[in-house]
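Participant: My structure is below; once you've seen it, I'll send some questions.
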Amino acid sequence: MRLNLPKKKSFVGNASLVKRIIAFIVDILILNIFVLGPFRKIFINVIPSNNFREAYDFLINNRLETNAIQLSVVFIAILFILYFSVLELKTKQTVGKIIMNIYVESKKKELRYWQCIVRSLFLLPFFPFILLWIIDPVYLFFNKDNQRLTEYLSRTKVIEKFKYV
Amino acid sequence: MNIFRKKMKKKQRNKWVIIIVVVVILWLLGNFFVGIIKLFLFAGEIDVAGNIAVIHIKGIILTSKDPRFFYEESTISSDVVKFIERAEKNPAVKAILFEINSPGGSAVASDEIGSAIKKTKKFTVSVIRDTGASGAYWIASATDLIIANKMSITGSIGVISSYLEFSGLLDKYGVEYQRLVSGKYKDIASPFRNMTAEEERIFQKNLDTIRDYFIEEVAKNRNMSKSKVRQFSEGLFYIGSEAKELGLIDVLGNKDDAVKIIEDKFNITADLVEYKEKKTFMDIISDVFSRQSFRVGQGIGSSLFRESLVNDLSIYT
């Protein structure tokens, strides 16, 4: 009986840190063009100076502009989370992950939407989530599956499919 | 094997379709959110990019919107003061340029704007176009530099509060004015009776006092003596070239000249930004309906409207 099995065999392992970082950079570049692009006009028009001190002084004294920046940042974070969560749910990959050939996998059964959302919580720009900007990646070095803290909490991990003949 | 490969390719294609759809939707959502922020949050406010803030002073200068000037252009003093304060707080703005095309207006409104200009530490320039007379000149005099075209109309330093008096007309039609007041000056300047000599004296004294304030402000602003300013404060207007000889303006020129002066002074390349009331979508819609309603009302009530004009007493510079 011919089973028509693929000639190349593969096995799954934890995705390397380098691939994960490159995939994240690629995703951020994509988001920079498509999501940050429309908001760039607001930032350019609202923040009057490239000088940090002047811009800070201006924003401190102008509540409306500060509100606009804060609102923009919240909207951007929502869109970033949607990008990662929807694509990881539907395809288990984002653009960067496709290029690096790595996947998101659930440790239990099927990947669920809440898992994809929890994985992306580090993108929220307010307390207490901004603490994840440090805790999340640092946790990776202490986890045997190379999971970030939010990946551990969402019971997901990023894997790589290794092929060999 | 071929079926397996085809399935994999189809799966890969579907993946890319999903990715493209998601990215496009996110881009559209991004533009939508930006639109919401601009529409509702920035309604009525200004962009702050730019190093020269341009503030327009057009039409009648008032302290608040007046229905009598519904269709005439007007400048509200509180708006201008708000723009000046915002330009003051913006570190990128090096100078404020006032583009003036106004015959004047309320003395209080002109003083409010003039005071706000004098409070700011930024370099201020006024450019008078067709007209910068009376209250508009009061405002211009508060700036560091006044530029006008040689044919611009300026000056008109004085106060007016004239009104139409209908007592003769009422007598002709046998209409009597029933005077019921508590306080003998309560109906001073009523259009339905003659002003008494005493009332005229009181009124004139107030107008003269306001004129003195006007003269005092111009003298201080232009670094002239009061007696010199008084010489040309009989309400006479002057064209630009005359005004320069009298010291009422500094330079004959236009907006481009003003920009060049600012560029040379601060060694910058001018990036003008207009500070003005931005209309929201809702403002535009309600404006359209308001104007249509006004047209209808104007047709029906035009005679009543004209009569109501003379009932109010206002003092203008």
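The values are calculated or read from the model by the stated rules, or taken from the named source; none is laboratory data. Quick caveat, the model's predicted, so the values are computed rather than measured. Counting neighbours? That spans all protein chains shown, and the Cβs are built from the backbone with ideal geometry, glycine included. Side chains included, ligands, DNA and RNA excluded: accessible areas come from the protein's heavy atoms. Shrake-Rupley method; radii C 1.70, N 1.55, O 1.52, S 1.80 Å.
Participant: Only residues that are in a loop (DSSP other than H, G, I, E, B) and either in contact with a Gly (Cβ under 7 Å, 6 or more places away or on another chain) or open to solvent by less than 40 Å² (accessible area, probe 1.4 Å) (or both): list them for the range A:126-164, please.
Facilitator: Within the range A:126-164, A:N143, A:D145, A:Q147, A:R148 qualify.
Participant: Inspect the range B:51-65 for any residue being over 16 Å from B:S126 (Cα atoms), out of contact with any His (no Cβ under 6 Å at 6 or more places or on another chain), assigned to a helix (DSSP H, G or I) and modelled with pLDDT under 90 and give the result as yes or no.
Facilitator: No, that holds for no residue.
Participant: Quick one: what pairs do we get from the range A:49-78, first residue facing chain B (nearest Cβ under 8 Å), second at pLDDT 75 or above and open to solvent by 60 Å² or more (accessible area, probe 1.4 Å), C-beta under 9 Å, 6+ apart or different chains?
Facilitator: Qualifying pairs under 9 Å: A:D57/B:K89; A:F58/B:K89; A:N61/B:K89; A:N62/B:K89; A:A68/B:K38.
Participant: Could you count how many residues in the range A:107-117 are within 20 Å of A:I21 (Cα to Cα) and in contact with a strand residue (DSSP E or B) (Cβ under 8 Å, 6 or more places away or on another chain)?
Facilitator: Final tally of qualifying residues: 1.
Participant: All but one of (1) more than 14 Å from every other protein chain (Cβ to nearest Cβ); (2) within 15 Å of the chain's Cα centre (by Cα); (3) without any contact (Cβ under 8 Å) to a residue 24 or more places away in the chain hold for A:W114, so report the exception by its number.
Facilitator: Among (1) more than 14 Å from every other protein chain (Cβ to nearest Cβ); (2) within 15 Å of the chain's Cα centre (by Cα); (3) without any contact (Cβ under 8 Å) to a residue 24 or more places away in the chain, A:W114 violates only (3).
Participant: Further, regarding this structure: Condition first: under 30 Å from A:G37 (Cα atoms) and facing chain A (nearest Cβ under 7 Å). Now tell me which residues in the range B:3-34 satisfy that.
Facilitator: Residues satisfying the conditions are B:K15, B:I18, B:I19, B:V22, B:V23, B:L26, B:W27, B:L29, B:G30, B:N31, B:F33, B:V34.
Participant: I've got another one for you. Out of the residues in the range A:13-32 meeting the condition of being modelled with pLDDT under 90 and either surrounded by 15 or more Cβ atoms within 10 Å (Cβ to Cβ) or within 14 Å of chain B (Cβ to nearest Cβ) (or both), tell me which one is nearest to the chain's Cα centre (by Cα).
Facilitator: The extreme case among them is A:A15.
Participant: Just to be sure before I move on: is B:G183 in a loop (DSSP other than H, G, I, E, B), at pLDDT 90 or above and surrounded by fewer than 15 Cβ atoms within 10 Å (Cβ to Cβ) in the structure I sent?
Facilitator: No, not satisfied.
Participant: How many residues does the range B:220-237 hold that are not aliphatic (A, V, I, L, M) and not in a helix (DSSP H, G or I)?
Facilitator: Here the count works out to 7.
Participant: Now for a different question. I'd like to know if the range B:105-123 contains one or more residues that are in contact (Cβ under 8 Å) with a residue 12 or more places away in the chain, open to solvent by 30 Å² or more (accessible area, probe 1.4 Å) and assigned to a strand (DSSP E or B).
Facilitator: yes
Participant: How do the pairs read when you match residues in the range B:1-25 that are without any contact (Cβ under 8 Å) to a residue 24 or more places away in the chain with residues anywhere that are basic (K, R) and assigned to a helix (DSSP H, G or I), using Cβ under 9 Å and keeping only pairs 6 or more apart or on different chains?
Facilitator: Correct list of pairs: B:K15/A:K90; B:I18/A:K90; B:I19/A:K90; B:V22/A:K90.
Participant: Please give the number of the condition A:V118 fails out of (1) in contact with a helix residue (DSSP H, G or I) (Cβ under 8 Å, 6 or more places away or on another chain); (2) over 21 Å from B:G30 (Cβ atoms); (3) not in a helix (DSSP H, G or I).
Facilitator: (3)
Participant: I'm trying to understand the selection: among the residues of the range B:127-142, which are crowded, with 24+ Cβ neighbours inside 10 Å, hydroxyl-bearing (S, T, Y) and touching a strand residue (DSSP E or B) at 6+ places or on another chain (Cβ under 8 Å)?
Facilitator: Matches in the range B:127-142: B:S134, B:Y137.
Participant: Let me ask something else. Of the conditions (1) under 16 Å from B:E165 (Cβ atoms); (2) assigned to a helix (DSSP H, G or I); (3) charged (D, E, K, R), B:E217 clears all except one; give me its number.
Facilitator: (1)
Participant: Go through the residues of the range A:103-114 one by one and say whether even a single one is crowded, with 18+ Cβ neighbours inside 10 Å, touching a helix residue (DSSP H, G or I) at 6+ places or on another chain (Cβ under 7 Å) and part of a helix (DSSP H, G or I).
Facilitator: No, there is no match, as no residue in the range A:103-114 is crowded, with 18+ Cβ neighbours inside 10 Å, touching a helix residue (DSSP H, G or I) at 6+ places or on another chain (Cβ under 7 Å) and part of a helix (DSSP H, G or I).
Participant: If you don't mind, there's one more thing I want to ask. Please tell me if A:I44 is without any contact (Cβ under 8 Å) to a residue 60 or more places away in the chain, surrounded by fewer than 19 Cβ atoms within 10 Å (Cβ to Cβ) and more than 8 Å from chain B (Cβ to nearest Cβ).
Facilitator: It is false that A:I44 is without any contact (Cβ under 8 Å) to a residue 60 or more places away in the chain, surrounded by fewer than 19 Cβ atoms within 10 Å (Cβ to Cβ) and more than 8 Å from chain B (Cβ to nearest Cβ).
Participant: May I pose another question? In this structure, does B:N267 turn out to be modelled with pLDDT of 90 or more, open to solvent by less than 80 Å² (accessible area, probe 1.4 Å) and out of contact with any strand residue (DSSP E or B) (no Cβ under 6 Å at 6 or more places or on another chain)?
Facilitator: So B:N267 fails the test.
Participant: Among (1) in contact with a strand residue (DSSP E or B) (Cβ under 9 Å, 6 or more places away or on another chain); (2) among the acidic types (D, E); (3) outside any helix (DSSP H, G or I), where does B:E242 come up short?
Facilitator: For B:E242, the failing item is (3).
Participant: For the range A:90-102, give me each residue that is within 10 Å of another protein chain (Cβ to nearest Cβ) and surrounded by fewer than 19 Cβ atoms within 10 Å (Cβ to Cβ).
Facilitator: Within the range A:90-102, just A:K90 meets the criteria.
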